[in-house]
1. Does segment B:93-105 contain any residue that is away from every other protein chain (no Cβ under 12 Å), among the hydroxyl-bearing types (Ser, Thr, Tyr) and surrounded by 15 or more Cβ atoms within 10 Å (Cβ to Cβ)?
2. Quick one: in segment A:35-56, which of the residues that are assigned to a loop (DSSP other than H, G, I, E, B) and crowded, with 17+ Cβ neighbours inside 10 Å is modelled with the lowest pLDDT?
3. Output the residues belonging to segment A:155-186 that are closer than 16 Å to A:ALA94 by Cα, touching a strand residue (DSSP E or B) at 6+ places or on another chain (Cβ under 6 Å) and either in a helix (DSSP H, G or I) or acidic (Asp, Glu) (or both).
4. Of everything in segment B:77-88 that's at the interface with chain A (Cβ under 9 Å from one of its Cβ atoms) and over 12 Å from B:ILE64 (Cβ atoms), which residue is surrounded by the most Cβ atoms within 10 Å (Cβ to Cβ)?
5. Being within 14 Å of the chain's Cα centre (by Cα) and aliphatic (A, V, I, L, M) is the filter; apply it to segment A:183-213 and report the residue that is farthest from the other protein chains (Cβ to nearest Cβ).
6. Residue by residue through segment A:14-31, note down the ones that are more than 23 Å from A:LEU194 (Cα to Cα), out of contact with any strand residue (DSSP E or B) (no Cβ under 6 Å at 6 or more places or on another chain) and either among the hydrophobic types (A, V, I, L, M, F, W, C) or buried (at least 17 other Cβ atoms within 10 Å of the Cβ) (or both).
7. Evaluate the following for B:PRO126: is it in contact with a Leu (Cβ under 8 Å, 6 or more places away or on another chain), modelled with pLDDT under 95 and more than 11 Å from chain A (Cβ to nearest Cβ)?
8. Which ranges mark the helices (runs of 4 or more DSSP H) fully within segment B:1-111 that have 1 or more residues being β-branched (Val, Ile, Thr)?
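The values are calculated or read from the model by the stated rules, or taken from the named source; none is laboratory data. The shown structure was predicted, so the numbers you read here are calculated from the model rather than taken from an experiment. As a convention, Cβ positions derive from the backbone with ideal geometry for all residues, glycine included, and neighbour counts pool all protein chains shown.
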Amino acid sequence: MTIIAISSDSYGMGREIGEKAAKRLGYSYLDRELLKDIAKCSGIPEGKLLKALEKTPSALGMSAKDQAIYLAHIEQSVIAEFLKDNVVCCGLAAHLYVCGVSHVLKVRVLSNPEVIGKELAPGKSLSKEAVDKLISRNENARKRWSVKAFSLDETDPSNYDMVISLNKIEMQEAVKSIAGAAGYKKFKAMSYSLKCLKDEEIAAKAKTILFPRFPDAQVRANGPTVVVFTKGVKREKQKKALMIKEMLGKIPEVNFVEVHVVNDILREAAESLR
Amino acid sequence: MDKKVCVLLLDDEPIVGKRLKPAVEKMGCDVEVFEDPRVALERIDEKAFDIVVTDIRMDEIDGIEVLERVKKKSPRTKVIMITGYAMMSLAREAMEKGAYDFIAKPFTPEELRKAIAKAAEALGTPLQSLAA
């Protein structure tokens, strides 16, 4: 009764380890193939969902608002799969949004630099220095992406339960170690961790509803209670709170919505100058 | 007649035992309630309970110590930890030390009843009327 969330500097390598670990444990396996189903359910093109998982928002690329919406849909679908239990997941950023759930074993797989080099520059023959530079640039980009999207650095080893370097350990040994760790009592599901996961699912559902209108909203769920923090100017506080309550009232699992509209000082200052 | 499932309930807040005792008794269990962990441990030394429900944060002796003592005395006993200070590290510590379940406060009597029913089933003494 454990979930394994694999993060890797190489999606291909993470996927291979994930599939092998799932097979060894008899767990179901989840990766970016799920994006097809999410695209069908949400109406968001699969390419945009993939881009949200890979690129940091920018003026010329995807907006922060769109990324937040797409990631909320991914989060909701992945957590719904996690609630079925015994799952290995790779490439869907799960390690970043279920980080507080105790029965999720978070694994970071570091690939061989040559493998990453080939993945980042397919078909090109690069020197070791050029590969190192490419890897370093990619790592910085992933760091920026994860901090921007989930306020967590996915390259920081302290955010994981286990870090495996395929430069030092054989693939089969790595799979064996992951499967072994999944059997530890500390990663067993319990009432509290299942509640945390359910809470995350409700919060993700709320985000998919709120973000198109309130992209800056911060959402937390605690059982049937959802707490929302957002910014607003004084005159619109009540209206905003009512609107949010009405929007989230549509979620069947929610029976109370608490809204905190914090003063948007910058907007208030700008309006007072007009 | 089937043997009743014996439950020890330990929480230093009297209201918790007072509220939960009747809810667990309704399941057909024999329930003993304690507020003082020292007295509870003395009783645990005398009798092997099927299920122990203990708070974690208590003065003098904490729930983790109670868990360790129970598992040492009776490895088959299922220990359910309850706490108002739930966090991932504490939950993992409790599970690693042999807790059967970990529940965050506040919880409803129904949530505890479900955890007890699951523990009773794992012990091979399912509580027919409430296992659902």
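1. No, every residue in segment B:93-105 fails to be away from every other protein chain (no Cβ under 12 Å), among the hydroxyl-bearing types (Ser, Thr, Tyr) and surrounded by 15 or more Cβ atoms within 10 Å (Cβ to Cβ).
2. Only one residue tops the list, namely A:THR56.
3. Selection gives A:PRO157, A:ASP161.
4. By that ranking, first place goes to B:ILE80.
5. If we take residues in segment A:183-213 being within 14 Å of the chain's Cα centre (by Cα) and aliphatic (A, V, I, L, M), then A:ALA204 is farthest from the other protein chains (Cβ to nearest Cβ).
6. Of everything in segment A:14-31, those that are more than 23 Å from A:LEU194 (Cα to Cα), out of contact with any strand residue (DSSP E or B) (no Cβ under 6 Å at 6 or more places or on another chain) and either among the hydrophobic types (A, V, I, L, M, F, W, C) or buried (at least 17 other Cβ atoms within 10 Å of the Cβ) (or both) turn out to be A:GLU16, A:LYS20.
7. Here the answer is no, as B:PRO126 does not meet what is asked.
8. Of the helices (runs of 4 or more DSSP H) lying wholly inside segment B:1-111, those with at least 1 residues that are β-branched (Val, Ile, Thr) span B:14-25, B:37-46, B:63-73.
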